[in-house]
Amino acid sequence: MEFDQRKKQAILSIFLTFFSLVSSLHGKIEETHVGLILDMGSTEGKIVRSCISEALSDFYHLHNDYSTRVVLHSKDSKGEPLHALSSVVTNTALHLLENTKVEAIIGAQTRVEANLLANLGEAAKVPIMSFSEPSPPLPINDDRYAFSVGIAQDETSQVMGINAIIEVYKWKDVILLYDNTEYGNDMIPTLTSSLQQKNVYIAHKSCVAISSTNEQIFEELQTLMKLKTKVFVVHISHLLVPRLFSNVNKLEMMSEGYTWILTSASMNFLHFMDSIVIESMQGVIGLKSYIPASTRLQNLTSKVRNKLYMEDPNMKVLELSADKIWVYDATWALAEAIERASTKNSSRSKHGVVLLREILQRRFKGLSGEIQFPKGKLISGTLEIVNVIGKEARRVGFWFFEEKTEKAQSHMLNNGRNLLLSNHLKTIRWPGGSKRQLSSEIKLRIGVPVRVGFKELVRVEHDLQTNRTNVTGFSIDVFKTAISALPYKVSFEFFPFENENGVMAGTYSDLVYQVYLKKYDAVVGDITITSNRSQYVDFTMPYTDLGVGILVPKRKDNMWIFLKPLSAYLWITSACFFILTGFIVWLIERPVNQEFQGTTSQQIGTILWFSFSTLAFAHREKILSNLAKFVVIIWMFVVLILTSSYTATLASMMTVKQIRMDSIGNYIGYQSGSLGVTVNLNFKEVKPYHSVEEYADALSKGSKHGGVSAIIDELPYINIFLAKYSSDYSLMKTKSTTNGFAFVFPKGSKLVHDLSTQIRHMREEGKLLDLEETWFLRKKSFMPEDYTISSPSNTLGLYNFLGLFLVSGVSSAVALFLFVIFSHSFRNLIKGQLQLVGGRLQRLRMFLPL
């Protein structure tokens, strides 16, 4: 009976073909030649050829009024790329193009053949409908293979479909498992980039050779088991599936908690697999090309099955795979495009361009659904989301690609409704038999530092009665606020980084390194961002102020500040030179200038008055001697420079408070464990402290009494200190040499981006400032005061003006020398003074006893 049914269908097909030929006699029929290059000896090639033949038969049966007819010219490639090369180029391609005048070529079952035909089509301006995409895949705006039209489904829709599933279930880290075929290697970079844009962490990428043995696959899976990630995205050939899941079950990786997502590369062929293989895949979900059931599809499957049976009774085709149905639909598109291109009346040189444009513009409902070829790639807009249960893959939803808006949207369908949430999908049976939805909750083990001081940031308290550990503080509250604002649930538990004595078990860098060692999933606390730590962990954006500051005692006003610009030696030296210069001028001017004469007291007063009046350029005595004028000119120059320097230094001291810090006799304090903050400021005399109280005690004592002159620390610690001691101490302005506090996560963690976003929102909304006021009792911002760090050299010393005094002294000595040598009045003056002194001594002897 089955044979009779097949015989009837074959006779019917012959009759329909004959009827089509008779009908064509009523009008002029234009034959269009199309080349077909396939491995005719393979089962795959025979099925494809049958689908193309049936497509043309069905098309012209429906459109018997069309003026064109496609005539196929088949060539066997023998399944050998090199043989295909010689066949296509020498025996087939040139013959078809020049003699047969083919207007299109269908073929290229392998990547090598696709490259050859793509280059040939580009040179001849002939459309190539290829079952495989040329290598490497080109960007959308690259037109090197403009005449190549892909029949295989574009992987973009599948990549976006996987993204949609992962996004629905809020999985944050996955493992990619793929084979080393050309298709696997092409899709994985696209999938990786897409997942990373969605902030999904790729925990590991594992490539398995298609020829891998069971032992090699087993070893690779053992490596993957050591990772915490249990969500696997698998893109492998259906030929590798039996070996993979056989070993997956041996390692009990199909137990509850695991998730396996397969692409259509294997799910499209699930119905061809052995029942034992399907049994090993229970709970797997995946994407499958959606082919809607229809009478036309059933008829096509029946005709192909019967045709192949008549050729080879041993060949059994139970069902056509999605790629064979795409070939059928693509043939329809080609035939329709040829008919439309024939009406354009284009020249043969431009006919290929017109035909290509008609193919790319085709959009119709085929056996596989809505068919279109935008940018030269087949887009079949729907994928099934299936779940392997029992002996079949049961549909649990759909995913659509909407090309109109050039966007892909996830539409989970259930009973005809568009749904976006995972709990609206049909019930999924996960590995291990669980029917409940996978929990999207992330659980974290978080390490926290155990501080001695500054517990406003992190405070660890052990309750011995309840045997519980309470962790509080500003850093903890910032983390909790940010984590609670995430669109998915994250649970966490704090673990103090301490030893058996209850003290911190190492340095802060040791604590951060525990994340790299995977002892902790994160670290929360006053953790400074450094370049060294960033080499093995990731930081969120900082949630505190950046940089370091200097704490100093507030300086009281000094009534003697006007003496500070000059050192004591400079004051004394200046006074001596004032008097010396006045004396020399008096000595030179007295013999000839009456203003410098008079009683002894008057002459002393004149000397002092003239000397110090030059300070303000207010001397009123008229100078007659050229030598005296020379001395005064030099001295006025010295006074000008001296007064200008004094004024500038005093003005600086009055407007900017200075703190004298040097390595001799002055000490700088820092927080123990944070010595790095002092290195950039080049201080050697440093003392470590641990708490706010120790800071205050050290600053109050000062360096001379066993304390320090200043404290250098990061701004968050300084803010805590100033919240308690702002009346007595001030913050100095310094450079931003540190990057602030942040939370620590493993490299590539999705939470880094998400928490950074929440921290930014908290800063913009003022929530961070509110938490600071809560924990630091801080009602205002502590702005840095205008301090400068000065050394002893900032006070003007004698050495700074030694050259000027030397010039003044030499010039005065020279003038005095010349006066002594050339002045007669000076000699008379000296003689008169000696006589005067002698007379006084003579009178003194008269009163002395003999």
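Within region 518-537, residues that are acidic (Asp, Glu) reach partners that are exposed (fewer than 13 other Cβ atoms within 10 Å of the Cβ) and at pLDDT below 90 with beta carbons closer than 9 Å, at six or more positions or on different chains, in the pairs Asp521/Lys228; Asp521/Lys443. When each of Ala108, Ala114, Ala93 is tested for being at pLDDT below 65 and in the same structural domain as Leu355 (by the TED database), the lone residue that passes is Ala93.
Out of all the residues in region 370-377, is one or more closer than 30 Å to Arg429 by Cα, surrounded by 15 or more Cβ atoms within 10 Å (Cβ to Cβ), within 46 Å of the chain's Cα centre (by Cα) and modelled with pLDDT under 85?
Narrowing region 370-377 to residues closer than 30 Å to Arg429 by Cα: none.
Looking through region 370-377, none of the residues is closer than 30 Å to Arg429 by Cα, surrounded by 15 or more Cβ atoms within 10 Å (Cβ to Cβ), within 46 Å of the chain's Cα centre (by Cα) and modelled with pLDDT under 85.
If the condition is being modelled with pLDDT under 80 and touching a strand residue (DSSP E or B) at 6+ places or on another chain (Cβ under 6 Å), then region 442-455 contributes Ile442, Lys443.
Out of the residues in region 391-410 that are open to solvent by 30 Å² or more (accessible area, probe 1.4 Å) and not in a strand (DSSP E or B), state the one that is modelled with the highest pLDDT. Result: Lys391.
Asn314 satisfies every condition listed in (1) in the same structural domain as Arg394 (by the TED database); (2) open to solvent by 80 Å² or more (accessible area, probe 1.4 Å) except (1). Looking at (1) at pLDDT below 75; (2) surrounded by 11 or more Cβ atoms within 10 Å (Cβ to Cβ), which is the only condition Trp430 fails? Result: Trp430 passes all but (1). Considering region 480-503, and only residues there that are outside any loop (DSSP other than H, G, I, E, B) and touching a Gly at 6+ places or on another chain (Cβ under 9 Å), the residue that is nearest to Thr757 (Cα to Cα) turns out to be Phe494.
Matching residues to (1) open to solvent by 40 Å² or more (accessible area, probe 1.4 Å); (2) at pLDDT 70 or above; (3) of a type outside the set (A, V, I, L, M); (4) over 30 Å from Val478 (Cβ atoms):
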site	(1), (2), (3), (4)
Thr540	no, yes, yes, no
Leu546	yes, yes, no, no
Ile550	no, yes, no, no
Arg555	yes, no, yes, yes
Asn558	yes, no, yes, yes
Thr599	yes, yes, yes, yes
Ile604	yes, yes, no, yes
Phe612	yes, no, yes, yes
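Within the set Leu334, Leu297, Leu308, the sole residue that is touching a residue at least 60 places away in the same chain (Cβ under 8 Å), surrounded by 21 or more Cβ atoms within 10 Å (Cβ to Cβ) and not hydroxyl-bearing (Ser, Thr, Tyr) turns out to be Leu334. Of everything in region 41-71 that's of a type in the set (A, V, I, L, M) and farther than 14 Å from Leu334 by Cα, which residue is surrounded by the fewest Cβ atoms within 10 Å (Cβ to Cβ)? Looking at residues that are of a type in the set (A, V, I, L, M) and farther than 14 Å from Leu334 by Cα, I get Leu62. Of all residues in region 10-31, one or more are open to solvent by 60 Å² or more (accessible area, probe 1.4 Å), touching a helix residue (DSSP H, G or I) at 6+ places or on another chain (Cβ under 7 Å), of a type outside the set (S, T, N, Q) and at pLDDT 55 or above.
The values are calculated or read from the model by the stated rules, or taken from the named source; none is laboratory data. Since the model is a prediction, treat every value here as computed from it, not as a measurement. As a convention, Cβ positions derive from the backbone with ideal geometry for all residues, glycine included, and neighbour counts pool all protein chains shown. Ligands, DNA and RNA are stripped out before the accessible areas are found, and what is left, the full protein with its side chains, is counted by its heavy atoms. Shrake-Rupley method; radii C 1.70, N 1.55, O 1.52, S 1.80 Å.
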